[in-house]
Amino acid sequence: MKLKEDMNPLLLQVFRSVVWVYSVITFLPWYFLSGTSTSLERARRQKARSITGHTAGPYRAINSQQGLAAALYPGLDTLDKVFEHAATRFPARHCLGTRQLLSEEDELQPNGKVFKKVILGDYNWLSYQAVYQAAKSFGCGLAALGQKPQCNIAIFCETREEWMVAAQACFMYNFPLVTLYSTLGPNAIAHGLNETEVTHIITSRELLQSRLKAILYEVPRLQHIILVDRKPASWPDMPRGIVVLSMDAVQEMGSKPSNMAATHRQPAPSDIAVVMYTSGSTGIPKGVMISHSNIIASITGMAERIPNLDETDTYIGYLPLAHVLELSAELVCISHGCSIGYSSPQTLADQSTKIKKGSKGDTSVLKPTLMAAVPEIMDRIYKNVMTKVEEMSSFQRSLFVLAYNYKMEQISKGYSTPLCDRFVFKRVRALLGGQTRVLLSGGAPLSAATQRFMNICLCCPVGQGYGLTETCGAGTISEAWDYSTGRVGAPLVCSEFSLKDWEEGGYYSSDKPNPRGEILIGGPNVTMGYYKNEARNRLDFFVDDSGQRWFCTGDIGEFHSDGCLKIIDRKKDLVKLQAGEYVSLGKVEAVLKNCSLIDNICAYANSEESYVISFVVPNPKQLMALAKQRQVHGSWEEICNNPEMEREVLRIITEAAVSVQAPGVWSAVDGVRGQADLERVWRPVPGRGARALGQAVVTTPGCDGDGGRERCQDHSQGGGGVRRVWRSAGKSDGWRGDGGVEVVVVVVEEEQRGRRSEVRMN
C-alpha cells in the first residue's frame, strides 16, 4: 500500500523526473554488477510442485522431489549429538549471552503509576564449550536428585540462557522436557504438571512466587523445584516433601566425580525430547509429544531456507522458548554455531517499556543479523514508525513518503535501492540494531501492509513461515528473494503438503485458477501426537499406505502456480452467522489491527446473530490526541465512553478498513457515502457466488462504468444473502491469488436490504 504523497504537484513532478533520469543512467551498470538478474530468476522460478501431478498434491520443494530431508549431518540423529558436534566444532565461539544489569529504579508516570526501569550493560557470553559443560553438570545433578531417563521433567520459565542450558541437559540425559507457557493460568499449569506426572520442575524465583506457589498443593507428585536465579533463596513455607534448590547447587552436585562417573542412557531418535503444551487459547492446553527425530527434521528444513547461515550470525532470542517457533529457531542457530543473545519484549529496543530513557535497548547493543518475530511485535513497530512520520516536519515527511513509494515500486520489480536505504531508512533500520539480514514472521498471519512496510524500512527480507506445534514448527518459509506478500512460501525440504476438499466451506482441489482445500502436512517432522489423548490423535493424525505420518491442520490454503502456499481461511476460525454467511474472525482482526487507534482487537461472532462485534483495546497516546483534537475532556474512562468519541473512533476504524487494498477480497460497500456502519466483506467462491468475511469494509478505488458485464450464476448463502453477483466480462473466476486487477467493478444486489452496492477490487 502506497503512502499518500501530500506535496506540491510541481515539486512532485520534478522529483519524479530526477529519479527517472538517475534510474536511466545507473540502471545497466547496477543491474549487471549487483547480481539482480540472478535474484529475479530465483524469485520467479518454480519452488515446489505436486509429485503426482494431481492438484491435490502432495506438493514438495523442487530440491526434495525424490525424498524428504530428515537430518542435518550424517549420523547426528538426536539433539545431544547435534549439540556435541557444535561444541566440538565451535568450542570458543560465543554461544549464549545475557546483558549485565547495572541499575534498576522506579519511575513515576504522569498518571501516577510507577514503572520499573533498568539500565543494562554489555552482553556477557558463554562459549559453546562452557555451555556444553554446564549442561552436562546440570543433567548429572538432576540424575543425582533422582530424575530418571524417559521420565518427564517440567520447565516453567521465562526465555533466558538458563532455559537453553537446562533443555540441553535434558536432551543429553534423555529426560523428556515438559514445556509450559509462563503466561498460563493456575488451572492450566496444574493440569500440565499432573497429566505428565512430573516430580522435578525448573522455574524462576519470580514465577515460583507469582504462579507456582499457589498451586503446589494441587500437584502432589512434585518433589524438587530448581530455581534458575543466581541469587540464593530460602522458601520456608513450602509444602512438606518439596525441596527448593538453585541451578548452581544442582550443577555443583553434578560436578562431583562420583556423579560424573555414573553412566547415563543416551536418547534414541524415536524417544520423546519435548512434551510441548499449547497456549490453551481454545480450551485446556494439549501436550504435543515431539521426538528427537522430529526436531532434527524440523531444524534441517528451516536451516536450508536461511541463506548463508553460519557461525558469524547473531540471533536475538526474546519470544517464549515454550513456543515451537522460538525453540526451533534457537536450535537451528546452535546447530550452525551462531551466537544467541537473550532479550525480552520489555527491553528489546531503545523505546521499550523497561529501558530507561537515554540508555540502549538490546537490539542496539547486540546488533543481531537474524531475528524471529510475531505479527504483534511487527505491527507495533509499524505503528510506532508511522506515528513518528506524522510528527515530522512537512519536508521530512514528504521525503520519507516519496522514498517509501519509490522503493516499493523498485521492490515489486525485484530491484534494490541502496541510496534510499543509506540516507532515508537507516534510522528505522537502527531500531533493530542496523545489521538484520533475515527477519522471519510466524505464529499468526502477517498483514500485507505490515510485511511490505518492514521490507522497505528495515532493508531486509521479511519472510513468512507456516508451521504448527504438531509439525514441530516446520511447514513452509518464504525465500529471502521472494518479495511477494500474503504468502508463506513453498514447503520445506522436510515436509510435503496435500489439499483435502472441504465441501461445507466450498474449497476444492479442482478450483481454478488455484487448487484450494484443507492443508495436510506430512513428513518426518510430524510429531508423535497428543499426550494421553488417543481420541484426538485419531482425528488429527494418520499414517498413509507408505508409512508417512500426516497431520490435518484445519487451515485452508491454496497453492499458486510457482508452488508457494497462501493461507486463506481456517475451519475453526469460521463462524456461520444467522443468515448462513461464514465470517473469518482472523481476517477481520488482521484488517483492523493496523489502525493507529487500535493496540489490540478481538472479533467475536454468534451464530444466532447476523453481525460481528469486536472488543478493542485503544492506543492511549493516539486516543488522547484525538480527544484533544475534538476538544473532549475527562478521565480515560470518560473519554472511552463519550458518545462523540465513539462515533469518531468508529469512523476512523471504518476508514482504515476501507483504505486496505486486499487482493482477492471483494467488499460490499453501502451506496451512502460517509455512513459509519461497518458493512459486510465479501469473498468470491468460484461457481458459488460470494461469502461474507466479516463486518468490516475492505474496498479500493476502481474503474467506474459497467462496460461489458457478464452475469454469473445465482447462489444464496442462507436466507437473504447474496442474490446475484455480476463480474466484468471474460473473468470466469474473478480474482487472482496475489494481486493484480482481475475484477474492476462488481455489483451485488442484496434481497434483504433492497438496494444496490458496488464492489471494487484493485
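No value in this document is a laboratory result; all are computed from the given coordinates. Everything numeric here is computed off the predicted structure, so don't read it as measured data. Neighbour counts are summed over all protein chains in view; Cβ atoms, including those assigned to glycine, are modelled from backbone coordinates with ideal geometry.
Results, tabulated for the structure shown:
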quantity	calculated
Net charge dipole size for the range 148-220 [Lys, Arg +1 and Asp, Glu -1 on Cβ; Debye, nearest 20]	100 debye
Amide H contacts under 5 Å for Val288, placed H, 5+ residues apart	Met276, Tyr277, Thr278, Tyr531
Within the range 359-391, backbone nitrogen closer than 13 Å to the virtual label 7 Å beyond the Cα of Lys621 toward Cβ	380-391
Under 5 Å, built H, 5+ apart or other chain: amide partners of Ser127	Cys95
Cβ charges +1 (Lys, Arg) and -1 (Asp, Glu), total dipole of the range 193-335, debye	520 debye
Whole-angstrom gap from the range 407-485 to the range 246-272, using each part's C-alpha centre	42 Å
³J(HN,Hα), Karplus 6.51/-1.76/1.60, whole Hz, each residue of the range 613-626, x for Gly, Pro	10, 9, 9, 10, 9, x, 7, x, 5, 5, 5, 5, 5, 5
The range 102-240 - convex hull of the alpha-carbon atoms, volume per residue in Å³	140 Å³
Burial ordering of Thr263, Thr353, Thr300, fewest other beta-carbon atoms within 10 Å first	Thr263, Thr353, Thr300
Reachable lysines, given that their alpha-carbon falls under 28 Å from the alpha-carbon of Lys566 and they are not under 8 places away in the same chain	Lys2, Lys47, Lys286, Lys383, Lys407, Lys413, Lys500, Lys512, Lys576, Lys587, Lys593, Lys731
Compactness of the range 483-607, expressed as Rg and Dmax over alpha-carbon positions, Å	16.7, 53
Using alpha carbons only: equivalent-ellipsoid semi-axes of the range 396-492, gyration tensor based, whole Å	27, 13, 11
Sequence-distant residues sharing a close amide H with Ser246 (under 5 Å, placed H)	Leu227
³J(HN,Hα) computed for each position of the range 175-191 - Karplus, 6.51 cos²θ - 1.76 cosθ + 1.60, integer Hz, glycine/proline x	9, x, 9, 8, 9, 10, 4, 6, 9, 5, x, x, 5, 5, 5, 4, 4
In Hz, Karplus ³J(HN,Hα) per residue of the range 58-65 (6.51, -1.76, 1.60; θ = phi - 60°; x = Gly, Pro)	x, 9, 10, 4, 4, 8, 9, 5
